[in-house]
Protein chains: 2
Amino acid sequence: MIPTITAFEQSPDRGMGLARDTRVRWALEEVGQSYEVRLVSFRAMKEPAHLALHPFGQIPTYEEGDLALFETGAIVFHIAERHAGLLPDDANARARAITWMFAAVNTVEPPILELGNAKLLEGDRPWNRERLPLVEERVRNRLNQLSARLGNADWLDGTFSAGDLMMVSVLLRLKSSGILGEYPNLSAYVARGEARPAYRRAFDAQLAVFKSKPPGRLEGAANN
Amino acid sequence: MIPTITAFEQSPDRGMGLARDTRVRWALEEVGQSYEVRLVSFRAMKEPAHLALHPFGQIPTYEEGDLALFETGAIVFHIAERHAGLLPDDANARARAITWMFAAVNTVEPPILELGNAKLLEGDRPWNRERLPLVEERVRNRLNQLSARLGNADWLDGTFSAGDLMMVSVLLRLKSSGILGEYPNLSAYVARGEARPAYRRAFDAQLAVFKSKPPGRLEGAANN
């Protein structure tokens, strides 16, 4: 059965691949599962039909027969559980890969989201100039620790896993900030992720959506 | 095999149950798995021995034979996968319960963490008074959506699951802010979680640790 995911009709990042459908597309590409995409507008995302699928009014969602899921990490995990290629067979290695999935979204991403909020939602506030370095420092605290753990390894725990997929996706959000560039091993790690053919296909697919749509007003971008 | 978790030697919340070992204790109590606890000081958490277990220098960790895990969500999931009681048997219901686990840590918790940072790390900054309402509004945006989805149900998706365990734990962080009280159904939901015998045992166990230690200087509290 071919699953259907949802994605922005007009991605607020203009096709840079930072919208969360890219993470799900990447997972589907890694395991060789074809999929369909239903595009939703910012307005439709907040209407009852979409809220029934995604209580927080966001993308992506995932529908497969009578199963409907939301929340990127959970969708990636669902794909990883049902197909080979994203989780190790060994039980302990599998548990550690899942650990990195949660570490990506609950330990590394929160300060990155806070930095995004500082720029997108508070960029015009009088305190922004003085406050931004504090928020950046919280991001660096996490990256210092992540960089120390990764060391010279290619991936976080042996072979590439859903944990790396999530961590690379989270770190990609930092690219435009310049902070990632301060960490050569993390930059190389992210580049390894981006170089994977499955990532390229996922990236190209989301970019094609953006290019096919007239770039009108990107209303609501700051809320997504 | 009896697992060993780590917890604060002196919890920065003075035994209010908000340190993340409570989530893991709660999961272990729900499934009836006994466990041992190794207490770590703030200083020891940042030293190589602990960093080898937890690259971000936090608690809790989980050791069971030759398996070592960190990251609360992953530990709770590991426990839920290996014991009955925290995940439904039906495959689709199980996937939805896992969805709520990720929603708790990646959609609902980030604005709550940001609110915590605003109070703990920026409470003395000149912008705090004006900025705090903005951050609280981000929390309310999420709670509005969560409250609408929960409605009059007891739990988020049928019977109590690891998704509820994580969501209740995340919402408990809001108790002192007064924001949770604006949502009667979410307040009742959290109270249902707190009333579970397994939660009570977990709470009492972490409180007993705090009470057994002389309440000296709570150094480093703001960083945890």
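Since every read-out is calculated from the coordinates, none of them should be taken as a lab result. None of these values were measured; they are calculated from a predicted model. When we count neighbours, we look across all protein chains shown, and the Cβ atoms used for this are built from the backbone with ideal geometry, even at glycine.
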**Message:** Once the cut-off is 11 Å, how many percent of the Cα-Cα pairs in the stretch B:77-120 end up in the long-distance tail?
**Reply:** 69
**Prompt:** Counting Lys and Arg as +1 and Asp and Glu as -1, what is the net charge of the other residues whose Cβ lies under 9 Å from the Cβ of A:PRO3?
**Reply:** -3
**Message:** I want to check the label-to-label distance for A:ARG201 and B:GLN33. Put each point 7 Å from Cα in the C-beta direction and report it in nm to one decimal.
**Reply:** 3.6
**Item:** Long-range HN-HN contacts of B:SER41 with modeled amide H, under 5 Å
**Value:** B:GLU9
**Prompt:** Net charge near B:PRO133, counting Lys/Arg +1 and Asp/Glu -1 over other residues with Cβ under 14 Å of its Cβ?
**Reply:** -1
**Complete:** Here the stretch B:135-210 gives, from Cα atoms, an Rg and Dmax in Å of 12.9, 38
**Asked** Which whole number gives the average, over all residues in A:147-154, of C-beta atoms from other chains lying within 10 Å of the residue C-beta?
**Response** 1
**Request:** Determine ³J(HN,Hα), in whole Hz, for all residues of the stretch A:170-186 in sequence, where each value follows from phi through the Karplus function 6.51 cos²θ - 1.76 cosθ + 1.60 and θ = phi - 60°; x replaces Gly and Pro.
**Result:** 5, 5, 4, 5, 8, 3, 6, 7, x, 5, 4, x, 6, 10, x, 6, 6
**Prompt:** Across peptide B:66-74, what mean number of C-beta atoms from other chains lies inside 10 Å of a residue's C-beta?
**Reply:** 6
**Orientation-averaged projected area, Cα convex hull of the stretch A:53-96 (nm²)** = 3.7
**Asked** Can you run phi through the Karplus equation (6.51, -1.76, 1.60; θ = phi - 60°) for the stretch A:58-64 and list ³J(HN,Hα) in whole Hz, with x for Gly and Pro?
**Response** 10, 10, x, 10, 9, 10, 8
**Fill in**
Computed on Cα atoms only, the convex hull of the protein assembly as shown has an orientation-averaged projected area in nm² of 20.5
**Asked** Based on Cα positions only, what radius of gyration and what Dmax would you give for the stretch A:95-153, in angstroms?
**Response** 13.9, 45
**Hull volume in cubic angstrom per residue (convex hull over the Cα atoms of chain B)** = 124
**Message:** Counting other beta carbons within 10 Å of each residue's own, what order do A:VAL168, A:VAL31, A:VAL105 fall into, fewest first?
**Reply:** A:VAL31, A:VAL168, A:VAL105
**Prompt:** What are the nm distances, shortest first, from B:GLU137 to its equivalents in the other copies, labels at 7 Å along Cα→Cβ?
**Reply:** 2.7
**Item:** Using a 7 Å Cα-to-Cβ projection, B:THR4 label spacings across copies, nm, ascending
**Value:** 5.2
**Asked** Closest to the A-onto-B rotation axis, which residue of chain A has its Cβ, and how many Å off the axis is it?
**Response** A:TRP127, 2
**Asked** Among B:LEU174, B:LEU87, which comes first, second and so on when ranked by fewest other beta-carbon atoms within 10 Å?
**Response** B:LEU87, B:LEU174
**Request:** State the percent of C-alpha pairs, over all pairs in the stretch A:1-94, separated by a distance greater than 22 angstrom.
**Result:** 28
**Message:** On the principal axes of its Cα set, how long, how wide and how thick is the stretch A:91-196? Give whole Å, largest value first.
**Reply:** 50, 24, 23
**Prompt:** In what sequence do B:TYR35, B:TYR183 fall when counting other Cβ within 10 Å, fewest first?
**Reply:** B:TYR35, B:TYR183
**Request:** Output the pairs from B:LYS46/B:LYS119; A:LYS46/A:LYS211; A:LYS175/B:LYS119; B:LYS119/B:LYS175; A:LYS175/A:LYS211; B:LYS46/B:LYS175 with a Cα-Cα distance over 26 Å in this structure; if there are none, say none.
**Result:** A:LYS175/B:LYS119; B:LYS46/B:LYS175
**Prompt:** How many partner chain Cβ atoms sit within 10 Å of a residue's Cβ in peptide B:105-118, on average, as a whole number?
**Reply:** 5
**Message:** Once the label point is set 7 Å along the Cα-to-beta-carbon vector, what list of distances in nm do you get between A:GLY151 and its counterparts in the other copies?
**Reply:** 5.3
**Asked** For chain B, what relative contact order do you get, as a whole percent, if you take Cα pairs closer than 8 Å and at least 6 residues apart?
**Response** 29
